[in-house]
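The values are calculated or read from the model by the stated rules, or taken from the named source; none is laboratory data. What you are looking at is a predicted structure, and each value in this text was computed from that prediction instead of being measured. When we count neighbours, we look across all protein chains shown, and the Cβ atoms used for this are built from the backbone with ideal geometry, even at glycine.
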Protein chains: 2
Amino acid sequence: GTAVQGFAQQHPNIMLTKANIAAVRQGVAKYPLLRSSFNEVKQQADRAIAKGIDVPVPKDGAGGYTHEQHKQNYQSMNACGIAYQVTGDKKYAAFVKDMLLKYAAQYESWPQHPKKKSNQIPGKIFWQCLNDFVWQVYTIQAYDLVHDAIPAGDRATIEQHLFMPILHYFTNECKETFDLIHNHGTWCLSAVGMTGYVINKPDYVQMALKGSAKDGKTGFLAQLDQLFSPDGYYTEGPYYQRYAMLPFVIFAKTIQQNQPQLQIFKYHNSILSKAIDASLQLTYTNGAFFPVNDAMKDKTFQSEELVYGVDIAYADIKSQADLLDVAKQQKRVMVSDAGLRVAKDIAAGKAKPFQYRSAWLSDGNKGDEGGLGILRSGPNTDQQCILLKAASQGMGHGHFDRLNLLYYDNGGEIFSDYGSARFLNIESKFGGDYLPENKTWAKQTVAHNTLVADETSHYGGELKNAEKYHPELLKFAASEQLQVISAEEDHAYDGIKMQRTSILFKVPGLDKDLLIDVVRGLSGKDHQYDLPFWYQGHITDQSFKTNVVTNNLKALGKKDGYQHLWLNSQSNLHNGDDHITILNNLRFYTIHIAADSAMQVKLVTLGANDPNMDLRTEEKAFILSKPKAANQTFVTVTETHGRTDPTGETTTGAASNVSDLKVLKDDETQTIFAFRVKQKAYKLTINYTNKNNFIQIN
Amino acid sequence: GTAVQGFAQQHPNIMLTKANIAAVRQGVAKYPLLRSSFNEVKQQADRAIAKGIDVPVPKDGAGGYTHEQHKQNYQSMNACGIAYQVTGDKKYAAFVKDMLLKYAAQYESWPQHPKKKSNQIPGKIFWQCLNDFVWQVYTIQAYDLVHDAIPAGDRATIEQHLFMPILHYFTNECKETFDLIHNHGTWCLSAVGMTGYVINKPDYVQMALKGSAKDGKTGFLAQLDQLFSPDGYYTEGPYYQRYAMLPFVIFAKTIQQNQPQLQIFKYHNSILSKAIDASLQLTYTNGAFFPVNDAMKDKTFQSEELVYGVDIAYADIKSQADLLDVAKQQKRVMVSDAGLRVAKDIAAGKAKPFQYRSAWLSDGNKGDEGGLGILRSGPNTDQQCILLKAASQGMGHGHFDRLNLLYYDNGGEIFSDYGSARFLNIESKFGGDYLPENKTWAKQTVAHNTLVADETSHYGGELKNAEKYHPELLKFAASEQLQVISAEEDHAYDGIKMQRTSILFKVPGLDKDLLIDVVRGLSGKDHQYDLPFWYQGHITDQSFKTNVVTNNLKALGKKDGYQHLWLNSQSNLHNGDDHITILNNLRFYTIHIAADSAMQVKLVTLGANDPNMDLRTEEKAFILSKPKAANQTFVTVTETHGRTDPTGETTTGAASNVSDLKVLKDDETQTIFAFRVKQKAYKLTINYTNKNNFIQIN
Ligand SMILES: [Zn+2]
Ligand SMILES: [Zn+2]
């Protein structure tokens, strides 16, 4: 059972534990990665001591002086706590003690934060309570680390005048958040539960695990049950999953140390382990998270959250040698029991390349609300990877990009996603917040590589509508020769069924898999169907005559993102097999297009109607466009081929080996198309309604 | 004396020499870099043998089948020659022998190449004789390598029916080129001289060294006297210097092996050594050559020419430990005596960081035709570097970019150069040749970071005019606190004197040097003065109100490159101290501008009037523009500051520490300006006519 009586009080007992201190000290001397990681922590601690203690009365909002100082304070305390345990130097413990006493002397007298907003629960230290939760998650670790070096009287002061009032505030004033099945709730209850363990208040631990009513309807266990899909996917997307994981990992580790009998890492089919694994599988080989929804594109698995995740997954869950590969690329470990294990095994040469795999990651806590399809081919050093986004909306940060397709190769993006329109923390750009263009551009459907009907966005760009529905998986299969992901979305547009089938196909005689992509819009009425491909690189060849606008460049449309597109060229396709060749990072990509006479290609660049120059104007797309049709099927076969060698000044394999792409049949249940590779003919049949024989190759 | 009697005949005796074969064999087993380099050569040799011998009758022009096959043949023979010496396996020698016999059986019967052009001397194997020279430079090395494994009778056949006719052709039909003080001449005489040494024809060696008349007016020594400046700079620019060096290095090494008494590496104040050093100093820390003139921007010191240069400089000229750093980055060595030395010393850990330095590299063979000024600050891992181009025109590949300024930092370009407009070897892009936009855009002045008068290019964009004049150096000095390069150009425009003074200034309290740049146009008449800054990154802040064109984007001008610019915004500057902040690769660059009320800022992007989509549309500039003035001085102070950390999601140092930039006085002989750094005032005086007190700081 989970009944809590009180805990065997020993300190420290969270990330760094009493029994392991000696080993960690030796490890710092012996293992390069632990040493460099500790040196960074110690420098941070030394800088903090050099600067002195500053605990100002809370006053400023995000980015302001008191906000940044209190943020700095928990980081400094945590660094000093670790430095104390590793060096044994009491000055570090004294710094934490003195700072905590300063907080204890004032905390109760502080009112709710003066910068509070009417629609949010404020903190006392920060303008929103979330920041107070985070503060406490780190501060209680610092306290645990120096606990035994603080005189009993001071401990009583700190616990009575700081931590107990905090527990009270979080479980009363913040009760609504505490009981919320939501990431903010995770931080809140983690702070409460960790504090309960460290200062021995079993009642608070119980609330953290089972909700304020202790009935299990909310609380940590309920969150583990509900916030991840059975495959470990978090609905807001990879960028948010990374962040959402952190309090789960930290609190779970704390539970594991204090109540190992709960077997928290095995709870709910080892859901935390799955979530850590999923977050790694949601990256390309360069470590970058797939930037679907509002995402900063430069975010990689090097971020601190994944350092925690990987170290604890390796040390506390399952010691998979390929996690060490990620840890090596993270270039640091936690200075902790787990970090010691990781650094030691890396030093012993145990790392193996991270095992990326093709996967369907379902969305929804029952796994029945669509998901993300990932297909991969080739070694980590040169991997082809496609992502098909068939997940649900993913709350307020979701983009209107149902059945969006991303293609990665050669270490980077080929068919790319804009991510969010935001200069994070750049004050001069809209205060570092989301730019207006995040809504007018980044979230709109045309900003993505998916079907747009009538130049309008999916679900009219309305969150409420979009949250009601999710795509359905039609097929996921990954064999050596052929990998396929297929999904359907029936509600993005009234009366239009959207289907996308994306395939990695290994053809004898070609170095790289063909990317075959079939996108359909099926309707009873006529529509304009656009299929954009946002690409990285430079077009070096195309089969059709371009009509490039050489002056007086105009915006393509008026709204739903089209107002931000410059229309650079518009052409009618007339051949049976058209193509566009792109050169990117010394490699060629030829997109073969099965076109009929009425199809157009529009070449666009980004940047129209952008008065504040917020958009990245280097973004480029070709849009396959059918002006008017009830049903439209776009078939493309993308060959990845050849290379240019700037050192040797040679170019090889510049010509595509694919030819004669043609749609032979297309109806409600089937698409049949054919092409040749080096003259050998291939015929593919997609049987949309036959899972057992979904793709047929002749 | 240099009288040649005949040479002690031993083989091989060029890159790989008989006395060193055993050591190289052991080295391949012992030293990783030599091993991997040899493995590549051996694979090439094995592939050649697997494919078999093909010596077709010459027929096709560049890129065609016979052209590519004959190119392949000399590479295959050279690889087999090396493979024979290292492995001792006679099949490699037999391949070379058999192929040479095939050539010997046909060469005399081949007429001049059928694809010859009226204005060029043809080869017999290739459409232009240059390719024949290159063929022979490599082929004679292959012959030397397998010489002792070829029966005497076959050797006689090869020498009598291939090499002697080649010597005859190169010194008779190609006599004009042979005696030319020009890069083609270097290849021609190197082929002749090397062949003379290997088959013991001293007369031809003498001609190679002293010209066909053997009077020293032409030939290799005269070329060494005339083709490089005293500082080792080659007038066409870094990209061409790299290529031009190769026959010099190969032939010099051959001379050194056969006539060490000539001390060829010490000839003309060790000019070859200076040229190799200069070519390395003409790179940024990422290895990229400064892309002035027609240059492919991805060319680095990893190219084969510099592998030869670095290995021979280290082994035969001076064993500077920092050359090993370059060799490491090249990731390969020659499989030769020199490569052995380099690989061995790298394996012994002797490499030191390459010693980049600030330098004035004079142009012209007397060093009095301007030059390139390079200022550097900081370690190779994070170096600030500026290049001021004050060299002469540099022949037909020169750009009209007098006093162009490039700025590098943080591993890449900040103020950048377009390089040439060309997709090298990409058949679909104008046959891989220079694009029409190379002339209409890349060569034009506005494509560069330098002064443009009246929207016209320097020297009217006419090579003949531009070749008559060169800029003059006003000052070069590089102390720890302040480095300066200043130059003047009086003939780019009739009646306008152009001056530019660029400074790296180390200010206490700032992490990075300030880049201070003063550009002046002085004239008796009114002109429009434009000063473009082509930058990498995204503008995140500016002091002035932009007027962004949100639709109907128009070209800025009609000709001289202006027709290719989209005018995105135009603003009047009104403050004393205006600025633009750019975020690039996680770092900020704030350009402070001393503006008076009549100055404008135009924001432009590239891509107008580009019907074939040849241009890189991601290029962006801000142009400081004075609509009408007789004299105009542009003063900018660029601060490199702060960083954003996407992993930690923090931004520091986003605000510039520089303020109050103001021009206090500006006349014929002086510019005086002032600014503050963190409130501390600085006043700088440029005394244009006083070299001894050129910059004064108060
Ligand atoms: Zn998106
Ligand atoms: Zn140029």
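Looking at the stretch B:281-320 only, could you name the residues that are at pLDDT below 95, acidic (Asp, Glu) and either at positive phi or within 16 Å of ligand 2 (Cβ to nearest atom) (or both)? Within the stretch B:281-320, just B:Asp298 meets the criteria.
Return the residue satisfying two criteria in turn: it lies in the stretch A:608-624 and is in contact with a strand residue (DSSP E or B) (Cβ under 6 Å, 6 or more places away or on another chain) and more than 7 Å from every other protein chain (Cβ to nearest Cβ), and of such residues it is nearest to A:Ala674 (Cα to Cα). So, considering only residues that are in contact with a strand residue (DSSP E or B) (Cβ under 6 Å, 6 or more places away or on another chain) and more than 7 Å from every other protein chain (Cβ to nearest Cβ), the one nearest to A:Ala674 (Cα to Cα) is A:Leu624.
Evaluate the following for B:Met207: is it over 30 Å from B:Lys42 (Cβ atoms) and surrounded by 24 or more Cβ atoms within 10 Å (Cβ to Cβ)? I'd like the intermediate steps shown before the answer.
Values: over 30 Å from B:Lys42 (Cβ atoms): yes; surrounded by 24 or more Cβ atoms within 10 Å (Cβ to Cβ): yes.
Against the criterion (over 30 Å from B:Lys42 (Cβ atoms) and surrounded by 24 or more Cβ atoms within 10 Å (Cβ to Cβ)), B:Met207 qualifies.
Residue under question is A:His527, and the condition is that it be touching a Gly at 6+ places or on another chain (Cβ under 8 Å), away from chain B (no Cβ under 14 Å) and surrounded by 21 or more Cβ atoms within 10 Å (Cβ to Cβ); does it hold? Yes. For the stretch A:273-296, filtered to residues that are within 14 Å of another protein chain (Cβ to nearest Cβ) and among the small types (Gly, Ala, Ser), the residue that is farthest from ligand 1 (Cβ to nearest atom) is A:Gly287.
Could you please find all residues in the stretch A:240-280 being at positive phi and either in contact with a Cys (Cβ under 9 Å, 6 or more places away or on another chain) or not polar (S, T, N, Q) (or both)? Walk me through how you get there before you give the answer.
Looking only at the stretch A:240-280, we keep the residues that are at positive phi, and these are A:263, A:268-270.
If the condition is that a residue be at positive phi and either in contact with a Cys (Cβ under 9 Å, 6 or more places away or on another chain) or not polar (S, T, N, Q) (or both), then A:His268 is the only one that fits.
The residues listed here are B:Phe415, B:Phe430; of these, the one that is among the hydrophobic types (A, V, I, L, M, F, W, C), over 30 Å from B:Glu488 (Cβ atoms) and more than 10 Å from ligand 2 (Cβ to nearest atom) is B:Phe430. From the list B:Asp417, B:Asp401, B:Asp454, the lone residue that is farther than 27 Å from A:Asn585 by Cα and under 16 Å from the mean Cα position of the chain (by Cα) is B:Asp401. Criterion applied to B:Glu462, B:Glu427 was being touching a residue at least 12 places away in the same chain (Cβ under 8 Å) and either in the same structural domain as B:Ile374 (by TED's automatic domain parsing) or over 17 Å from B:Arg402 (Cα atoms) (or both), and the one residue passing it is B:Glu427. For the stretch B:304-333, give me each residue that is surrounded by 24 or more Cβ atoms within 10 Å (Cβ to Cβ) and either among the small types (Gly, Ala, Ser) or over 21 Å from B:Gly237 (Cβ atoms) (or both). B:Gly309, B:Asp311, B:Ile312, B:Ala313, B:Tyr314, B:Leu323, B:Leu324, B:Ala327, B:Val333, listed by residue number.
So if I check each of A:Glu472, A:Glu437, A:Glu488, which one is touching an Asp or Glu at 6+ places or on another chain (Cβ under 6 Å), acidic (Asp, Glu) and within 16 Å of ligand 1 (Cβ to nearest atom)?
Values: A:Glu472 fails: within 16 Å of ligand 1 (Cβ to nearest atom); A:Glu488 fails: within 16 Å of ligand 1 (Cβ to nearest atom).
Sole residue among the options that is touching an Asp or Glu at 6+ places or on another chain (Cβ under 6 Å), acidic (Asp, Glu) and within 16 Å of ligand 1 (Cβ to nearest atom): A:Glu437.
Of the strands (runs of 3 or more DSSP E) lying entirely inside the stretch B:612-698, those containing at least 3 residues that are within 20 Å of B:Gln483 (Cβ to Cβ), in contact (Cβ under 8 Å) with a residue 40 or more places away in the chain and in the same structural domain as B:Ile485 (by TED's automatic domain parsing) span B:632-641, B:670-677, B:680-687. In the stretch A:549-567, the qualifying residues are those that are facing chain B (nearest Cβ under 8 Å) and surrounded by fewer than 23 Cβ atoms within 10 Å (Cβ to Cβ), and the one that is nearest to A:Ala447 (Cα to Cα) is A:Ala555.
Given the residues B:Lys497, B:Lys525, which is the only one that is among the basic types (Lys, Arg) and either free of Cβ contacts under 8 Å to residues at least 60 places away in the same chain or at positive phi (or both)?
Details: B:Lys525 fails: either free of Cβ contacts under 8 Å to residues at least 60 places away in the same chain or at positive phi (or both).
Unique residue meeting the criteria: B:Lys497.
Each residue in the stretch A:302-325 was checked for being in contact (Cβ under 8 Å) with a residue 60 or more places away in the chain and either within 16 Å of ligand 1 (Cβ to nearest atom) or not aromatic (Phe, Trp, Tyr) (or both), and 6 pass. The single residue among A:Lys328, A:Lys299, A:Lys266 that is more than 14 Å from every other protein chain (Cβ to nearest Cβ) and touching a residue at least 24 places away in the same chain (Cβ under 8 Å) turns out to be A:Lys328. The single condition among (1) at pLDDT 95 or above; (2) touching a helix residue (DSSP H, G or I) at 6+ places or on another chain (Cβ under 7 Å) that B:Arg47 does not satisfy is (2). In the condition set (1) among the small types (Gly, Ala, Ser); (2) away from chain A (no Cβ under 14 Å); (3) touching a residue at least 24 places away in the same chain (Cβ under 8 Å), B:Ser571 is compliant with all but (2). Which ones in the stretch B:584-603 are more than 28 Å from the chain's Cα centre (by Cα) and within 14 Å of chain A (Cβ to nearest Cβ)? The answer is B:Leu586, B:Phe588, B:Thr590, B:Val601, B:Lys602, B:Leu603.
Does A:Ile539 count as within 30 Å of B:Glu618 (Cβ to Cβ), touching a strand residue (DSSP E or B) at 6+ places or on another chain (Cβ under 9 Å) and either outside any helix (DSSP H, G or I) or free of Cβ contacts under 8 Å to residues at least 40 places away in the same chain (or both)? For A:Ile539, the condition - within 30 Å of B:Glu618 (Cβ to Cβ), touching a strand residue (DSSP E or B) at 6+ places or on another chain (Cβ under 9 Å) and either outside any helix (DSSP H, G or I) or free of Cβ contacts under 8 Å to residues at least 40 places away in the same chain (or both) - is met.
Mind checking which residues of the stretch A:532-552 are of a type in the set (Phe, Trp, Tyr) and in contact with a Phe, Trp or Tyr (Cβ under 7 Å, 6 or more places away or on another chain)? Even if it seems obvious, please write down each step before you answer.
First, the residues of the stretch A:532-552 that are of a type in the set (Phe, Trp, Tyr): A:533-535, A:544.
Residues satisfying the conditions are A:Phe533, A:Trp534, A:Tyr535.
Within the stretch A:441-459, residues that are closer than 17 Å to A:Leu522 by Cα and among the hydroxyl-bearing types (Ser, Thr, Tyr) reach partners that are more than 11 Å from ligand 1 (Cβ to nearest atom) and assigned to a helix (DSSP H, G or I) with beta carbons closer than 6 Å, at six or more positions or on different chains, in the pairs A:Tyr459/A:Asn465; A:Tyr459/A:Ala466.
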